[in-house]
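**Q** Before anything else, here's the structure in question.
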Amino acid sequence: QKEVEQNSGPLSVPEGAIASLNCTYSDRGSQSFFWYRQYSGKSPELIMFIYSNGDKEDGRFTAQLNKASQYVSLLIRDSQPSDSATYLCAVGGDSNYQLIWGAGTKLIIKP
Amino acid sequence: GAVVSQHPSRVICKSGTSVKIECRSLDFQATTMFWYRQFPKQSLMLMATSNEGSKATYEQGVEKDKFLINHASLTLSTLTVTSAHPEDSSFYICSAPLAGDEQFFGPGTRLTVL
């Protein structure tokens, strides 16, 4: 059974600080890793994807992948109240495009 | 990013009726689409994989006769909730992969069965 684990939170971070979200996965053969943001009552929105070990930066967001340790993380710099949402980690690798989803971490940015 | 639409965005129906939800990829073709269900404060649950021109693949525990999926074209998949009951009330979301595994989600359909 392939699994993706996330701390459900809530994770509370002061405005302007760095929010760090973590995710571990069980299938060592996984090839692709995604972070989605989901606001309450809305559908998930793709924020970042990463395929290779190391860091990938996009604006205030940085995704970090460590395949040896089987974890992927998302850093949000200069956190804003609008970043408050549930962040879903998803892992792919099968040829049928199916993703394995974590349960999500609720992030609260306090003004 | 790619655009996926869903219709309707919200539906309220009486118990026993059937409800059809459409999912369209607007600017790309999708041979595969996914249907998810999400109950309040819970995580996404994959219901089924919709395959263009062939039968859908259902996840364990999802009744294929209750949740009918049709993927008649490269841009349209439909989910029909047959004989809906209050316990089927949920947020139904479709997604489609654009390139590789990147999935783009529709805005979702909130179903309320009275």
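A short reminder: the numbers here are calculations on the coordinates, not readings from a lab. Here the structure is a predicted model, which means the values were calculated and not measured. Counting neighbours? That spans all protein chains shown, and the Cβs are built from the backbone with ideal geometry, glycine included.
**Q** Taking a ≥ b ≥ c as the square roots of the Cα gyration tensor eigenvalues, with a/c under 1.5 meaning rounded and otherwise prolate when a/b beats b/c, else oblate, which class fits chain B?
**A** prolate
**Q** Which value in nm describes the separation of the simple spin-label points at B:Lys66 and A:Ser40, placed 7 Å from the Cα toward the beta carbon?
**A** The two pseudo-label positions are separated by 2.8 nm.
**Q** With +1 on each Lys and Arg Cβ and -1 on each Asp and Glu Cβ, how big is the dipole of the protein assembly as shown about its Cα centre, in debye rounded to the nearest 20?
**A** 480 debye
**Q** Once phi is turned into θ = phi - 60°, what whole-Hz ³J(HN,Hα) does the Karplus curve with 6.51, -1.76 and 1.60 give for every residue of region B:51-59, x standing for Gly and Pro?
**A** Ordered by residue, 3J(HN,Hα) equals 10, 4, x, 8, 5, 6, 9, 9, 6 Hz.
**Q** Would you list, by chain and number, the aspartates and glutamates whose Cα falls below 13 Å from the Cα of A:Lys2, excluding same-chain residues fewer than 8 positions away?
**A** Output for A:Lys2: A:Asp27, A:Asp94.
**Q** Give the Cα extents of region B:40-98 along the principal axes, in whole Å, largest first.
**A** Rounded to whole Å, the extents work out to 31, 25, 19 Å.
**Q** Output the antiparallel fraction of DSSP beta bridges having both residues in chain B, as a percent to the nearest 5.
**A** 90 percent
**Q** Can you bin region A:28-111 into rounded, prolate or oblate? Criterion: square roots of the alpha carbon gyration tensor eigenvalues sorted a ≥ b ≥ c, rounded for a/c under 1.5, prolate for a/b above b/c, oblate for the rest.
**A** Note, shape of region A:28-111 comes out oblate.
**Q** What's the FRET efficiency of B:Thr80 with A:Asp78 using the Cβ-Cβ distance as r and R₀ = 45 Å, to the nearest 0.05?
**A** The calculated FRET efficiency here is 0.50.
**Q** Follow-up question, since we're still on this one. Report the relative contact order of chain A, percent, no decimals, based on alpha-carbon pairs under 8 angstrom and at least 6 residues apart.
**A** It rounds to 38 percent for chain A.
**Q** Here's a follow-up. If each of A:Lys56 and B:Arg10 carries a label point 7 Å out from its Cα toward its Cβ, how far apart are those two points in nm?
**A** 3.6 nm
**Q** Partner chain Cβ atoms within 10 Å, averaged over the residues of B:39-45 - can you pull that number for me?
**A** For peptide B:39-45, the averaged partner shielding equals 4.
**Q** For B:Met47, enumerate residues with amide H under 5 Å from its amide H, sequence gap 5+ or separate chain, H modeled in the peptide plane.
**A** Those lying under 5 Å, H to H, from B:Met47 are B:Trp35, B:Tyr36, B:Arg37.
**Q** Count the lysine pairs in region B:13-114 whose Cα atoms lie under 15 Å apart, taking only pairs 8 or more positions apart in sequence or on different chains. Let's see the in-between values first.
**A** Numbers: B:Lys20/B:Lys64; B:Lys20/B:Lys66; B:Lys55/B:Lys64; B:Lys55/B:Lys66.
For region B:13-114, qualifying lysine pairs total 4.
**Q** Moving to a separate point now. Take the alpha carbon atoms of region B:89-114, find their center, do the same for region A:35-102, and report the distance between the two centers in whole angstrom.
**A** 18 Å
**Q** Which of the cysteines found in chain B have nothing to pair with, since no other Cys Cβ lies under 4.7 Å from theirs?
**A** Cys with no partner Cβ under 4.7 Å: B:Cys13.
**Q** In peptide B:102-109, what is the residue-averaged number of other protein chain Cβ atoms found within 10 Å of each Cβ?
**A** Mean partner-chain Cβ count within 10 Å for B:102-109: 5.
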